[in-house]
Amino acid sequence: MSGKTIRLIIAIMLLTLGALFVTQGYWFNKSFRLEERQFDEKLNVALRNVADRLLKQDNDSLSRIAPVVKLSSNEFYVRTECYFNIKSLDSILKNEFSIRDIDINYDYLILKSVSNEIILGNTLSSAFDTSEAACLERTDGRENVDFKVRVNNKTTYLLGAMGIWMYSSITLLLVLAVFTFIVISIIKGKKLALLKKDFVNNMTHELKTPIANISVASEALRNKEMNEVKRKQYADIIYKENEKLHGLVDKVMQISSLEKEEDTFSFEELNIHEIISTITSSFGPVVLSKNGIINHDLKANNFKVIGDKTHLSNAISNLIDNAIKYSNNVLEIVVKSKNRKDGILLEITDKGIGVAKENQHKIFDRFFREESGDLHNTKGYGLGLSYVKFIVEKHNGAITFNSAKDLGSTFSIFLPQ
């Protein structure tokens, strides 16, 4: 299936799911508002009945209807303007709420009708709370009073009452989350497949040259009349091209380690300064041929680490190799070490071409290479830095970098001690 077809299918599925999500959201909101309106109406009727019973209890002969004022979404004020005590209000509220199945946590207050001064109050977990009202003995004369009710956790109560709407919305969210995960996985898989294809094409191109050179040199060596000087030249060609092939095989082995995300590590106490010196010395001829220099600024007093010598050496070697590879006119590399709390910090700085800001977040991705025009002119195989990150993390360390286009890069490795 082509990339264009995959993108089209994903776009259609995204639009469909998006439309479903918007529709579900719309009807969920409508359902919630309807549930809230029905609850408010039910609560309003209950509070009017409470007020009516309190008025009758006080022998009010005016046959009036006590107004219920909604102060906020969860607070209601009932202007009874009659006398009652907290025990009566408590009992009647419980009764009216239980009749209408209003099973919610609520508070109520008794206030003086004239001054709105609070006299008494109580909190109930639900209409079925059997606890007695507090402060039953307190009295303030037979002054007319009102009462106020505040329902708590109203939104939670309404969501719980919505039932099927909640389940369907949660299910839709789960489906959307799973689909998003699948889409991201497909996109990443497609991208990785393209990068692998690029890697294979590049590796094939790189393999052809040494194989062709070895073949030509081997054929030439079969000539018995060749003099010793020529024979040595062809032997040197075979040796150098074989070294190139060996390097390519190492790169393939590195990708194998990354794919498995496991490897055999042999941990031991290492002198990291000694490893750095050995590696930089091995690059000496290459650096010298480019009129470059590698400076050391190894200031760490404690330079012992526990690690795998081969893998740590390869990681540091990859960083220095990159610094050489991506240096143009000025080949100047500085390797630093310094102690930090509970570890050692290594820094490798170059004055090379750097990394463009838009590509910096991809620098440690497998197969990523910053393009430079023609496919085969792009340097490296996109494995070195992902391998370095893999090895450093296997040593419980961390790697970071700072870079600016055409100004160079600094890679920092922290290793615990």
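Please treat every number below as a calculation from the coordinates, not as lab data. In this text the structure is predicted, and so the values were computed from the model without any measurement. Cβ placement follows ideal geometry from the backbone for every residue including glycine, while neighbour counts extend to all protein chains displayed.
How much length is gained on full extension from Arg79 to Ser115, taking 0.36 nm per residue of separation minus their Cα-Cα distance? Between Arg79 and Ser115, full extension yields 11.7 nm more. Electrostatic bookkeeping for Val114 treats Lys and Arg as +1 and Asp and Glu as -1; over the other residues with beta carbon under 11 Å from its beta carbon, the sum is -3.
Applying a threshold of 20 Å to the alpha-carbon distances of Lys304/Lys336; Lys42/Lys87; Lys4/Lys362; Lys244/Lys351; Lys325/Lys351 flags Lys42/Lys87; Lys4/Lys362; Lys244/Lys351 as lying beyond it.
For the range 282-360, take the alpha-carbon Rg, divide it by the Kirkwood Rh, and send me Rg/Rh. Here Rg/Rh amounts to 1.00. Local charge for Lys338 was computed over the other residues whose Cβ lies under 10 Å away, with Lys and Arg +1 and Asp and Glu -1, and equals +1. The order of the peptides 340-347, 317-324, 175-182 by mean Cβ neighbours within 10 Å, most packed first, is 317-324, 340-347, 175-182.
The length gained by stretching the chain between Leu298 and Asp236 to full extension, at 0.36 nm per residue less their Cα-Cα distance, is 18.6 nm. A Förster radius of 30 Å, combined with the Cβ-Cβ distance separating Phe267 from Arg340, puts the computed FRET efficiency at roughly 0.90. Near Leu158, once Lys and Arg are set to +1 and Asp and Glu to -1 for all other residues with Cβ below 9 Å from its Cβ, the sum equals -1. Here the label points at Ala220 and Arg7, each 7 Å from Cα along the C-beta direction, are separated by 4.9 nm in the simple model.
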